[in-house]
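J.: Starting off with a structure, shown below.
The values are calculated or read from the model by the stated rules, or taken from the named source; none is laboratory data. Everything numeric in this text was worked out from a predicted model, so none of it was measured. Neighbour counts run over all protein chains shown; Cβ positions are idealised from the backbone, glycine included.
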Amino acid sequence: MLLTLLTALCAAAAIFCVSFVASMRFGGGNLASRLTKFSEVRTAVVEERRKSRRERTKAADLIIQTVDRAVQNQNFAQNLRSAISRADLKFTVAEYLILWAAIFVGCVFIGQVIFRTPIHTIVLGVVGLIGPRWYLRYLAGKRLKAFNNNLADTIVMMANSLRSGYSMLQSMEMLSREMSPPISTEFNRVIKEVGIGLSPEEALANLMRRIKSVDLEIMVMAINVQREIGGNLSVILDTIANTIRERVRIKGEIKTLTAQATLSGYIISILPLGLAFVLYTIDSAYISFFWQDHTCGLPLMAISLFFMTVGFFVMRKITKIEV
């Protein structure tokens, strides 16, 4: 049996070798020519895809340039550019507006095609209209919080570097290397702006426009005053760092003490609206009383929305404590 198995394996190997040699010799040319044929087909496909991609890129660039020219002199475009910069998004104003419009149209399309009710269309349209702007503010607030939390350590490091003999620009360059984002990113921008010809005062002013922080304004004011009239900047920065550290500590304690009231305000304000939306999705006739009955339903809905809005802002005012 073993001999039979070995004979079968040798026969199979011989048949494979003969067929391989025959295909190489008589099967349409050598291996190189056949591989060239397949590579030419693949190259043609790749070139076609690249051409299509270039055409789509040109069309997208044309749309973006058209929108950019249309909004470049508008006031809202300047405010939106500042908001995008504070959120550190790699978008131009035109790209963000196009993305915003696409999200809005997509939400309206979902409400109209999937749910097929005016209420769902309006609610999803509002979400698509407010959502991108809210997300932009969320990213800016998150980045600002990270910047303020690390600013005291940044100032201490700058003061120590000035004490060791570094200049102001060398200290900022060290911060761009040693600190974590967004501190490193922002001071790297300051160094680059000074490198292309801006004065340190102008670069720091641009930094304050990107980062709306009172603590940063105090630091920049101390630096500008020291550059004009002189003084021991390292001692001033140490004092500012201690002040900022205490402010961050007190803000953290206040946030901890008011967290329950803040969360309660959001839940009490959002829960009725969310529950009404879910009930309308499940059974629209159950809750349509509020807008179908003009004598009782609409006044009740208007009064409820008014007092919910007032209660939300009152809770916000109570829990918002300035330090």
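J.: Just wondering, is there one or more residues in region 83-102 that are assigned to a helix (DSSP H, G or I), over 30 Å from M208 (Cβ atoms) and not basic (K, R)?
T.: Of region 83-102, the ones assigned to a helix (DSSP H, G or I) are 83-87, 93-102.
Now restrict to residues that are over 30 Å from M208 (Cβ atoms): 101-102.
Going one step further and asking which of them are not basic (K, R), we end up with 101-102.
For region 83-102, residues assigned to a helix (DSSP H, G or I), over 30 Å from M208 (Cβ atoms) and not basic (K, R): present.
J.: So, one more: What number of residues within region 277-323 satisfy the criterion of being of a type outside the set (A, V, I, L, M, F, W, C), assigned to a helix (DSSP H, G or I) and without any contact (Cβ under 8 Å) to a residue 60 or more places away in the chain? Outline the logic, then answer.
T.: We begin by selecting, within region 277-323, every residue of a type outside the set (A, V, I, L, M, F, W, C); these are 280-281, 283-284, 286, 288, 292-295, 297, 299, 304, 309, 311, 316-317, 319-320, 322.
Remaining after also requiring assigned to a helix (DSSP H, G or I): 280-281, 284, 286, 292, 297, 299, 304, 309, 311, 316-317, 319.
If we keep only those that are without any contact (Cβ under 8 Å) to a residue 60 or more places away in the chain as well, we get 286, 292, 297, 299, 304, 309, 311, 316-317.
So the count comes out to 9.
J.: Additional query: Please work out if G106 is at pLDDT below 85 and either among the hydroxyl-bearing types (S, T, Y) or out of contact with any Cys (no Cβ under 7 Å at 6 or more places or on another chain) (or both). First the steps, then the outcome.
T.: Numbers: at pLDDT below 85: no; either among the hydroxyl-bearing types (S, T, Y) or out of contact with any Cys (no Cβ under 7 Å at 6 or more places or on another chain) (or both): yes.
Here the answer is no, as G106 does not meet what is asked.
J.: Restricted to region 111-126, and to residues that are β-branched (V, I, T), surrounded by fewer than 16 Cβ atoms within 10 Å (Cβ to Cβ) and in a helix (DSSP H, G or I), which residue is modelled with the highest pLDDT? So that I can check it myself, show each step before the final result.
T.: Step one: list which residues in region 111-126 are β-branched (V, I, T), which gives 113-114, 117, 119, 121-123, 126.
Next cut, surrounded by fewer than 16 Cβ atoms within 10 Å (Cβ to Cβ) only: 113-114, 117, 122, 126.
The next check asks that each one be in a helix (DSSP H, G or I); those that pass are 113-114, 122, 126.
Numbers: V113: 82, I114: 81, I122: 85, V126: 88.
In this case the residue turns out to be V126.
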